[in-house]
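Report on one structure; see the data block that follows.
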């Protein structure tokens, strides 16, 4: 079986930010299984009909559903996670607006093209790291970067502004060590900006500021 990659848009990140913590952990398990074996019966995978034809739903728990689209045998586009009724209503609305995807440089595999290149495709391991219990803290930063207009190529943020975005204090190492800000998806904070196509380019620890630039 080929390695699975996940494509996703800002809408998916927004739905993650709104998830209760206990549901978030169940979603991680669901996506792990989806990445390993999309045909596993335990996912309760079903195709949608009507105006959502072409989309699919998997069960996260009794209340929540993940809506996605199979782009190919090796790429799945994650669209949203929400309670059952809301998820199906949104699926009806978004079917005609599923965006073509672009791929982060360095990621393997084909990319789609189209008029709205807003979706990002990344290795499933990077996405799972982004939404892990440790990475969940930084999802609001990912959401903020993902929602920036494509014309914005560079953003300079203070550590205080990042604190306001994530509603949490940065760890002490972020104030002391440049390595914490490295463009490395192995660490959850790096995944927070790199998974959606940004990198850090300038760090001023004394001034407590960092610059992000688009890589796509």
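Note on region 60-135: enclosed strands (runs of 3 or more DSSP E) holding 2 or more residues that are closer than 27 Å to residue 185 by Cβ and modelled with pLDDT of 85 or more are 64-70, 75-83.
Here residue 186 clears all of (1) in a loop (DSSP other than H, G, I, E, B); (2) over 21 Å from residue 16 (Cβ atoms) except the condition numbered (2).
Could you figure out which of (1) under 24 Å from residue 147 (Cα atoms); (2) more than 14 Å from the chain's Cα centre (by Cα) isn't true of residue 7? So residue 7 meets the others, but not (2).
For region 20-27, state whether one or more residues are closer than 15 Å to residue 76 by Cβ, over 16 Å from the mean Cα position of the chain (by Cα), at pLDDT 90 or above and surrounded by 12 or more Cβ atoms within 10 Å (Cβ to Cβ). It would help to see each step written out before you state the result.
Residues of region 20-27 closer than 15 Å to residue 76 by Cβ: 27.
Right, trim to over 16 Å from the mean Cα position of the chain (by Cα) and you get none.
No, region 20-27 contains no residue that is closer than 15 Å to residue 76 by Cβ, over 16 Å from the mean Cα position of the chain (by Cα), at pLDDT 90 or above and surrounded by 12 or more Cβ atoms within 10 Å (Cβ to Cβ).
Residues that are touching a residue at least 24 places away in the same chain (Cβ under 8 Å) and touching a strand residue (DSSP E or B) at 6+ places or on another chain (Cβ under 8 Å) were ranked within region 166-186; the one that is nearest to residue 125 (Cα to Cα) is 181. Would you pick out the residues in region 151-161 that are in contact with a strand residue (DSSP E or B) (Cβ under 8 Å, 6 or more places away or on another chain) and not in a loop (DSSP other than H, G, I, E, B)? Matches in region 151-161: 154, 155, 156, 157, 158, 159. When region 30-52 is filtered for residues that are farther than 18 Å from residue 3 by Cβ, without any contact (Cβ under 8 Å) to a residue 12 or more places away in the chain and in a loop (DSSP other than H, G, I, E, B), only 49 remains. Being surrounded by fewer than 21 Cβ atoms within 10 Å (Cβ to Cβ), in contact with a strand residue (DSSP E or B) (Cβ under 9 Å, 6 or more places away or on another chain) and touching a residue at least 40 places away in the same chain (Cβ under 8 Å) is the filter here; which residues of region 53-77 pass it? Passing the criteria: 53, 54, 63, 71, 74.
The values are calculated or read from the model by the stated rules, or taken from the named source; none is laboratory data. Only a predicted model underlies this, so the values are computations on that prediction, with no experimental measurement involved. Please note: Cβ atoms are built from the backbone with ideal geometry, for glycine as well, and neighbour counts cover all protein chains shown.
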